[in-house]
Amino acid sequence: DAKTTQPPSMDCAEGRAANLPCNHSTISGNEYVYWYRQIHSQGPQYIIHGLKNNETNEMASLIITEDRKSSTLILPHATLRDTAVYYCIVEDVAGKLIFGQGTTLQVKP
Amino acid sequence: DTAVSQTPKYLVTQMGNDKSIKCEQNLGHDTMYWYKQDSKKFLKIMFSYNNKELIINETVPNRFSPKSPDKAHLNLHINSLELGDSAVYFCASSRRSYNEQFFGPGTRLTVL
């Protein structure tokens, strides 16, 4: 079972920041948080990952709370092409990625 | 250049047939995976190979047999296909023990 909880869906206006929340209250100290997304009919795409510190790359920023029980993925300027299912994943003890239901983000013009 | 490629993209076949899906990665990665995404869109790992060695083998019917001829290829052979095998199958690869995985475009398998 997935170790994360995400809202099933969210809307965001084009050009605005999309903030996608994730709860992972049972995360262990050495487990990373990964974010992937799946655009319709395509293979999942890696976005970003982090352990304790906030992370930023060319796609997004990842904010992890100090107690590590939740995180937020931020897409700073959402475009229509960012419409996708976003998965927040904590790897399991065997190092596997267990995909949950994710959040369907709809970016609207 | 395609990083992770799969063939075929679509596969339609009759129940009871045997079929194979091929996967190749040109990223120089050591680890490759097979995932199944069913009609409800749940994505589940099936197998993982590291340097041609099986390291993850989830509860998958033994009709499914992965084969890795070299570390750039991981093929999936399915015997005696059943209706419930209909799904999209994704191949992925990563550097060893690193979960930034690169996924292929998927193979949509339809069993009639």
Quiz item: Which number in (1) closer than 23 Å to A:TYR87 by Cβ; (2) surrounded by 13 or more Cβ atoms within 10 Å (Cβ to Cβ) marks the one condition that B:THR7 misses?
Solution: (1)
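When you look at A:ALA60, is it among the hydrophobic types (A, V, I, L, M, F, W, C) and in contact (Cβ under 8 Å) with a residue 60 or more places away in the chain, yes or no? Working first, answer last.
Working: among the hydrophobic types (A, V, I, L, M, F, W, C): yes; in contact (Cβ under 8 Å) with a residue 60 or more places away in the chain: no.
In short, no.
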Quiz prompt | Which listed residue is away from chain B (no Cβ under 14 Å) and out of contact with any helix residue (DSSP H, G or I) (no Cβ under 6 Å at 6 or more places or on another chain), from A:ASN30, A:ASN23 | solution = A:ASN23
Exercise. State the number of residues belonging to region B:54-64 that are surrounded by 14 or more Cβ atoms within 10 Å (Cβ to Cβ) and either at pLDDT 90 or above or in contact with a Leu (Cβ under 7 Å, 6 or more places away or on another chain) (or both).
Key: 1
Practice problem: Report the residue count in region A:40-60 for those that are away from every other protein chain (no Cβ under 11 Å) and closer than 15 Å to A:TYR86 by Cα. | Solution: 2
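Being surrounded by fewer than 12 Cβ atoms within 10 Å (Cβ to Cβ) and within 17 Å of B:ILE21 (Cβ to Cβ) is the filter here, so list the residues in region B:71-86 that pass it. It would help to see each step written out before you state the result.
Initial filter on region B:71-86 (surrounded by fewer than 12 Cβ atoms within 10 Å (Cβ to Cβ)): B:80, B:83-84.
The answer is B:SER80, B:GLY84.
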Quiz item: In region A:61-107, which residues are in a loop (DSSP other than H, G, I, E, B), of a type outside the set (D, E, K, R) and within 14 Å of chain B (Cβ to nearest Cβ)?
Solution: A:VAL93, A:ALA94, A:GLY95, A:LEU97, A:ILE98, A:PHE99, A:GLY100, A:GLN101, A:GLY102
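Quick one: which strands (runs of 3 or more DSSP E) lie wholly within region B:64-112 and hold at least 3 residues that are facing another protein chain (nearest Cβ under 10 Å) and either out of contact with any Lys or Arg (no Cβ under 8 Å at 6 or more places or on another chain) or more than 18 Å from B:LYS9 (Cβ to Cβ) (or both)? Spell out the reasoning first.
Values: elements: B:64-70, B:73-78, B:87-94, B:107-111.
Of the strands (runs of 3 or more DSSP E) lying wholly inside region B:64-112, those with at least 3 residues that are facing another protein chain (nearest Cβ under 10 Å) and either out of contact with any Lys or Arg (no Cβ under 8 Å at 6 or more places or on another chain) or more than 18 Å from B:LYS9 (Cβ to Cβ) (or both) span B:87-94.
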Quiz item: Residues of region A:6-55 being over 24 Å from B:ALA92 (Cα atoms) and among the hydroxyl-bearing types (Ser, Thr, Tyr), which ones?
Solution: A:SER9, A:SER25, A:THR26, A:SER28
Quiz prompt | Residue under evaluation A:ARG81, criteria (1) surrounded by fewer than 13 Cβ atoms within 10 Å (Cβ to Cβ); (2) modelled with pLDDT under 95, criterion not met | solution = (2)
Self-check item: Every residue from region B:16-53 that is within 12 Å of chain A (Cβ to nearest Cβ), in a loop (DSSP other than H, G, I, E, B), of a type in the set (D, E, K, R) and surrounded by 13 or more Cβ atoms within 10 Å (Cβ to Cβ)
Solution: B:ASP38, B:LYS41
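The values are calculated or read from the model by the stated rules, or taken from the named source; none is laboratory data. Everything numeric in this text was worked out from a predicted model, so none of it was measured. Cβ coordinates were reconstructed from backbone atoms using ideal geometry, including for glycine residues, and neighbour counts include every protein chain displayed.
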